[in-house]
Amino acid sequence: MNAHRVFSTFIALLKNLMRDKMAIFWFMIFPVLIIILFSSIFGGGGGNPVNFDIAVIEKDVPKNLSFLPDVFENADNFNIVKLDLKKAIKKLKEGNLSAVIVIDGETLEVYYNNSDPTISSMVPYMINGIVKEINIYLSGMEIPKIVKTKSIPIEAENFGFIDFYIPGIIAMALMQLGVFSAELMASLKERKILRRFLLTPLKKGEFIVSFSLTRIIVAVGQVLIMIALGHFVYKMNINMNFPLFVCFFLLGIILFSFMGVLVGGISKSVESANGLAQLINFPMMFLSGIFFTASFYPSFLQPVIKALPLTYLGNAMRNVIIKNASFSAVKLDFFVLLIWTVVVTAVALRLFRWE
Amino acid sequence: MEKVVEVNNLKKYYGDIKAVDGISFDVYRGEIFGMLGPNGAGKTTTIEIMEGLRIQDSGEAKIFGLHNIHDREKIKMHIGVQLQETSFIENLTVCETVKLFRNLYNKVGDEAHLISTFFLEDKKNSLIKTLSGGQKQRLSILLSLINDPDTIFLDEPTTGLDPQARRNIWEIIIDLKRNGKTIFLTTHYMEEAEKLCDRVLIIDHGKVIALDSPERLIKENFEETPVDIKFTQSIESLMFDNLNFVSRTLKEEDVITVYMKNFEENLPSLLNFINLRGLKMKEMKIRKPTLEDVFLKLTGRRIRE
């Protein structure tokens, strides 16, 4: 291994990559766009308390129940909107209101949005709770408080959507950077560039090391951009186990880069390499718990999900970036990824043809 | 004369296809040695075996007396190679590519001078992917010289180039010979082989057909003079076959080629014959026989089909 040759080849491959506008888009900008897009769809609500907009219509309020509107106004989690019945029902139908309570004598009619599962499961239940309290108060009974509740909030589970999301996208970006090396490898092969290198003193091993270094450098760039975005824009909770993070980062980039080398090596043309890379990219992107959790998928897909390496890399990244996880917490992820890496690298180096 | 390359009964089969089927030849120091043959004749397979990129099934290929496979690493330090239709890393500039190859051989030097001798000066900061075919080919030959090799292997150096670009490459190759390099090249252009090569090896279907200097190949095979005639009407070449001064005839599209013995003496008889038949000529061209005629005579086929 000659450091001078490795370095020269590394610089050449890095310049080549940095001048490829498509590659820069897919590897650097695409993951950032995904984060921005998904956080604007699902984000925001994160750890905030839930508030429901409701309207209280005083159709016929008996004298002894005149305090009723105030009770709802003061209740937690309800924002009272002042509207008349017709407008309120219209807004409810449009989905802009959670519920409408009509006080009609001693009956409270509760209209609620049944299309939103959060509202339909919570709002009637919350209103019932309030009404129960009122009935007890009105009956004048003094209920002995034998059983008491005490709420103790635990901060540990207060991760926002973005905290889970960004580590997964980092894992996905590493996967794509690696797997799409297939295109580069196939084109170097198809256009006989690798054969030409073989006729210089450059050794195969030196070329592979130079190539891997370019992937690692670009991956470091990806990670820095995404962590910075998470930290400065989305106030992500970063609590990183740095040595373990580096370990999973390297495992991930090596595994997926050699997956790319393997695909490029066995493909007959650049087009087929690209197609095959897509075939690997898509299932991993969607089934590995990056966008949707595994439980979202039907049971027959679960074995597939459990076999995909990105499932483990995503899981490990989440644990080591936001939970400062110890090795024992990510032991399974580590060993599964290690086995994948050893097997894929060995097969890639064995099957790779320079021509 | 010192032998630079010795090839002995070389064979390489791909299944039923006998790509190289028992080829032998030597290349001497300082000559331009050309391997001429149609596409698929086995030229590239032979040259790539010599470069150590392919392994022969049997037979021997020695470069500087070294074994083409066992001593591959040693050989590649002393040969220059231009592969057929090679490209380079596409988003690097010409200058960066030259530097990269310099670094791989651990050579230092002046890129600018080398680049200007190959007429690439105004392209030195252009990306490889923006180069024309001729520019790429010149770069490819330039890069084959980076390690200052004694012997240079050029695989179809002018295929796909326009006539001007082709002549540029020829000048470069003649200059290389002048500087004492030995050059082994393959081509399927007759004109190129005639113009450049000291000796030509003609191969077809993996077998050697002939090996000599272009002049001698032509002289030995042809005492006849080819005459190309275009007639106003379509006729068959057969009608000339029975003339005693015609050795062979050929019809290609509307051109009839008549190979004549003792041309000066017999030309009046040919014209007479044509007149007697009432045929009218549109065009008549008397030319020197070329390697194309040699190939045609030896194989019964034209080289480009």
Worksheet item: What fraction of the DSSP beta bridges in region B:74-197 is antiparallel, stated in percent and rounded to the nearest 5?
Response: 10 percent
Discussion item. 7 Å from Cα along Cα→Cβ at both B:GLU171 and A:GLU106: what's the point-to-point distance in nm?
Written reply: 11.3 nm
Discussion item. Taking R0 as 35 Å, what FRET efficiency do you get between A:LYS331 and A:PHE292 from their Cβ-Cβ distance, rounded to the nearest 0.05?
Written reply: 0.90
Worksheet item: Under the rule of -39500 (n - 2.57) per DSSP H run of 4 or more residues, summed and divided by the residues of chain B, what mean residue ellipticity at 222 nm is obtained, to the nearest 500 deg cm²/dmol?
Response: -9500 deg cm²/dmol
Response to the item:
The FRET efficiency for A:LEU349 and A:MET240, from their Cβ-Cβ distance with R0 = 30 Å and rounded to 0.05, is 0.40
Worksheet item: What's the exposure ranking of B:ASP71, B:ASP21, B:ASP148, going from fewest to most Cβ atoms within 10 Å?
Response: B:ASP148, B:ASP71, B:ASP21
Response to the item:
Longest principal axis of chain A (C-alpha) makes with the long axis of helix A:270-287 (C-alpha) an angle, in degrees to the nearest 10, of 30 degrees
Item to complete: Subtracting the Cα-Cα distance from 0.36 nm times the residue separation, let me have the gained length for B:LEU243 to B:PHE231 in nm, one decimal.
Response: 2.5 nm
Item to complete: Please find, in a Gaussian network model of chain B (springs between Cα atoms separated by less than 10 Å), the residue of B:GLY42, B:GLY52, B:GLY65 whose mean-square fluctuation is greatest.
Response: B:GLY65
Practice prompt. Of the options A:LEU276, A:PRO309, A:MET126, report the single residue whose Cα projects farthest towards the positive end of the charge dipole of the protein assembly as shown (beta-carbon charges: Lys, Arg +1; Asp, Glu -1).
Written response: A:PRO309
Worksheet item: For labels at A:SER299 and B:HIS78 in the simple 7 Å Cα→Cβ model, what's the distance in nm?
Response: 7.3 nm
Worksheet item: How about A:LYS150: which lysines have a C-alpha closer than 21 Å to its C-alpha, ignoring those fewer than 8 places off in the same chain?
Response: A:LYS132
Worksheet item: What is the order of B:TYR259, A:TYR111, fewest Cβ neighbours within 10 Å to most?
Response: A:TYR111, B:TYR259
Practice prompt. Would you work out which of B:ALA41, B:GLY22, B:LEU83 lies farthest towards the positive end of the dipole of region B:12-97? Charges go on Cβ: Lys and Arg +1, Asp and Glu -1.
Written response: B:GLY22
Fill in: Cα-centre dipole for the protein assembly as shown with unit charges at Cβ (Lys and Arg positive, Asp and Glu negative), debye to 20
700 debye
Practice prompt. Count, for each residue of B:65-78, the Cβ atoms from other chains sitting within 10 Å of its Cβ, then give me the mean as a whole number.
Written response: 1
Worksheet, complete the sentence: For region B:223-288, averaging the sequence separation of alpha carbon pairs under 8 Å that lie six or more residues apart and dividing by its residue count, the contact order in percent is 48 percent
Discussion item. Per-residue Cβ counts within 10 Å, from other chains only, averaged over B:105-114: what number is that?
Written reply: 1
Worksheet item: By count of other Cβ within 10 Å, fewest leading, how are B:HIS188, B:HIS70 ordered?
Response: B:HIS70, B:HIS188
Response to the item:
Bridge orientation stat for region B:3-219 from DSSP, antiparallel percent rounded to 5, came to 55 percent
Worksheet item: Once every DSSP H run of n ≥ 4 in chain A is given -39500 (n - 2.57) and the sum is divided by its residues, what mean residue ellipticity at 222 nm do you get, rounded to the nearest 500 deg cm²/dmol?
Response: -20000 deg cm²/dmol
Discussion item. Suppose we keep just the DSSP beta bridges with both residues in the protein assembly as shown; what percent of those would be antiparallel, to 5?
Written reply: 60 percent
Worksheet item: Could you name the lysines in cross-link range of A:LYS331, using Cα to Cα under 27 Å and dropping any fewer than eight places away on the same chain?
Response: A:LYS306, A:LYS323
Item to complete: Would you mind checking B:LYS261/B:LYS288; A:LYS203/B:LYS181; A:LYS59/A:LYS90; B:LYS99/B:LYS124 for any pair whose Cα atoms are more than 19 angstrom apart?
Response: A:LYS203/B:LYS181
Worksheet entry | Proximal aspartates and glutamates relative to B:LYS136, as straight alpha-carbon distance under 18 Å, when same-chain residues fewer than 8 apart are discounted | A:GLU190, B:GLU85, B:GLU90, B:GLU96, B:GLU111, B:GLU121, B:ASP122, B:ASP155, B:GLU156, B:ASP162, B:GLU171
Worksheet, complete the sentence: With a Förster distance of 41 angstrom and the Cβ-Cβ distance between A:VAL81 and A:TRP26, calculated FRET efficiency to the nearest 0.05 equals 0.35
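Taken together, the values in this text are just the output of simple stated rules run on the coordinates, not laboratory data. Keep in mind it's a predicted model, so treat the numbers as computed, not measured. Heads up, the Cβs are rebuilt from the backbone with ideal geometry, glycines too, and the neighbour counts pull from every protein chain shown.
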